[in-house]
Amino acid sequence: MGDNFAYVGVRATGTKAGNYAIIGPGWKGTLPDGVVALPPSSTPWATILGRTLVTQGEDLKVVFAIQDQYKLTPLSQWGKGETKPPADAVIWEPLSPKTDPLADWKNANRAMLEVPPAASDAVLLRTFSLIGIGPGRDVTAQDEATKKGLARVAIDGKKIIAGAFAGAYAQKQVNGWNYPPPATGRPTPTGDWLMRAVQMLAGFVANDPEEAMYINVSLDGKGKPLTGANRYVIHFAKGQQPKVNAFWSIPCTTLNTILWIIRLTATHSATAAE
């Protein structure tokens, strides 16, 4: 889903060390003393993105010592020393579209068993069920025409999503750069399926705007699409570099073309996304 539900960091919780509980939907229980519950995830799955800011001239040994204190402990093993993954832990390996043209649909059907669709999506799910899409459904049981159509849609759909991102869908354009929408990081409540898909394609885990801004561009100064065949220069006049509290960077992402993203980060933090 790609929705952030909690932050631990300078902005959200301060700079003091702490123990925080990641809890799922409907969880009830008593936490150990000194453990603070984060806002709950709406799904039983969560992804953690951790970042530690290193300032110029800072001793890396100090940073490594901080990182060594980052630990993820099951509540059942809290206070019992060194922890180990549960013996019954199941690692699910997604199928690859490179070897199976229906892999995306099979993966989606499998995932929906563990993360059931929201009740608000019931009408869509009834429609999708007619072509074998839904929790636990079998796309291979469909007729050949339907399976060919699903395989084609899996390819064409990604092109539509990539085109929407490059075309600044739901974004604000300023001087040729695209500013992501305010709902970045928490797209599900918008009900905008294309926006949700754009975020998943661009990076899955995207920070809330309060933490970082991902300003992107896909056209050059003359309005032509960026291409790897050319060389480009981003020039900041003296004293006009981005003003941020932590750092800014320029990663380059390929979505059928060259896409530059300037990331303006407010602070170091850990992001929990469902």
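The values are calculated or read from the model by the stated rules, or taken from the named source; none is laboratory data. Bear in mind the structure is a predicted one, so any value in this text is a computation, not a measurement. Using ideal geometry, Cβ is built from the backbone for each residue, glycine included, and neighbour counts are taken over all protein chains shown.
Scoring Asn178 on the criteria (1) in contact with a strand residue (DSSP E or B) (Cβ under 6 Å, 6 or more places away or on another chain); (2) part of a helix (DSSP H, G or I); (3) not acidic (Asp, Glu) leaves a single failure, condition (2). Pick from the stretch 27-41 the residues that are without any contact (Cβ under 8 Å) to a residue 12 or more places away in the chain and farther than 16 Å from Pro74 by Cβ: which of them is farthest from the chain's Cα centre (by Cα)? Only one residue fits best here, namely Asp33. Scanning the stretch 188-209 for residues that are touching a Pro at 6+ places or on another chain (Cβ under 8 Å) and in a loop (DSSP other than H, G, I, E, B), we see that the one that is nearest to Phe236 (Cα to Cα) is Pro209. Here the stretch 91-116 is the region considered, the condition is being assigned to a loop (DSSP other than H, G, I, E, B) and at pLDDT below 90, and the residue that is farthest from Pro25 (Cα to Cα) is Glu93. When Lys80 is tested against (1) touching a Gly at 6+ places or on another chain (Cβ under 7 Å); (2) more than 20 Å from Gly157 (Cα to Cα), just one condition goes unmet, and that condition is (1). Taking the stretch 137-179 as the range and being out of contact with any helix residue (DSSP H, G or I) (no Cβ under 8 Å at 6 or more places or on another chain), in contact (Cβ under 8 Å) with a residue 12 or more places away in the chain and of a type in the set (D, E, K, R) as the test, only Lys159 passes. Within the stretch 52-71, being acidic (Asp, Glu) and at pLDDT below 85 holds for Glu58, Asp59.
Residues in the stretch 247-274 that are modelled with pLDDT of 60 or more, in contact with a helix residue (DSSP H, G or I) (Cβ under 9 Å, 6 or more places away or on another chain) and surrounded by fewer than 17 Cβ atoms within 10 Å (Cβ to Cβ): 1 in all. If you check Pro225, Pro182, Pro251, which single one turns out to be within 30 Å of Leu124 (Cα to Cα) and free of Cβ contacts under 8 Å to residues at least 60 places away in the same chain? Going through Pro225, Pro182, Pro251 in turn, the sole match is Pro182. Considering only the stretch 233-242, I want to know if a residue exists there that is among the hydrophobic types (A, V, I, L, M, F, W, C), exposed (fewer than 10 other Cβ atoms within 10 Å of the Cβ) and touching a residue at least 12 places away in the same chain (Cβ under 8 Å). Yes. Of the residues contained in the stretch 139-157, none is found to be of a type in the set (Gly, Ala, Ser), surrounded by fewer than 16 Cβ atoms within 10 Å (Cβ to Cβ) and at pLDDT below 95. Summed over the stretch 170-194, residues that are surrounded by 15 or more Cβ atoms within 10 Å (Cβ to Cβ) and closer than 28 Å to Asn245 by Cα total 12.
For the stretch 91-122, give me the residue count where each residue is exposed (fewer than 11 other Cβ atoms within 10 Å of the Cβ) and either among the basic types (Lys, Arg) or closer than 20 Å to Gly157 by Cα (or both).
Selection size over the stretch 91-122: 3.
The test for being farther than 20 Å from Ala197 by Cβ and of a type in the set (Phe, Trp, Tyr) holds for Trp78.
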